[in-house]
């Protein structure tokens, strides 16, 4: 896993994505450090199936109104997987419209478990295949800040966040 995690961080660094390592005890404090107010988010327990990843005691507004979403600077979501060879985040779509929280803000803070990092795209597709076949679910594959060069010069933030930060949660051994 150390090699896969290192590869993931190298790929994120090449994309200009910052990373912070935390353990469960530091999780909420790091969320506070990572967000620029106002911040909106979605319940992370849905992504991780773990109540320890609650945003309840943070300044992040969970289940935001359309107005709060429009005014937000930062969006916080869970990433189901991290794909090491590309630095890609797999953002599962949720009933709380996690895609809106991750795409309509200037800064996206994605929380991913270290155990959720896979080495390559094929491994991610394999892992998601059974789940998506059963649930007919889908996901966003997000690789770095939004950028386009459609009109010549590279423009960041045209179709999504200008800045991405990953909070990598180390699991207890």
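The values are calculated or read from the model by the stated rules, or taken from the named source; none is laboratory data. Owing to the predicted nature of the structure, the values given are computational and were not obtained by experimental measurement. All Cβ positions, even for glycine, are placed from backbone atoms using ideal geometry, and neighbour counts span all protein chains on display.
Filtered by the rule that a residue be under 9 Å from the mean Cα position of the chain (by Cα) and at pLDDT below 95, the range 91-112 gives 91, 102.
Scanning the range 145-173 for residues that are in a strand (DSSP E or B) and either over 21 Å from residue 44 (Cβ atoms) or at pLDDT below 85 (or both) returns 147, 148, 155, 156.
Quick check on my filter: what residues within the range 104-120 are part of a helix (DSSP H, G or I) and surrounded by 15 or more Cβ atoms within 10 Å (Cβ to Cβ)? Scanning the range 104-120 gives 114, 116.
The set of residues in the range 91-103 being surrounded by fewer than 24 Cβ atoms within 10 Å (Cβ to Cβ) and assigned to a strand (DSSP E or B) consists of 92 alone. Does residue 75 satisfy being at pLDDT 95 or above and closer than 16 Å to residue 167 by Cβ? Yes, satisfied.
Of everything in the range 5-31 that is more than 21 Å from residue 118 (Cα to Cα) and surrounded by fewer than 14 Cβ atoms within 10 Å (Cβ to Cβ), the residue that is modelled with the highest pLDDT is 29. Scanning the range 121-140 for residues that are at negative phi, exposed (fewer than 14 other Cβ atoms within 10 Å of the Cβ) and not in a helix (DSSP H, G or I) yields 137, 138.
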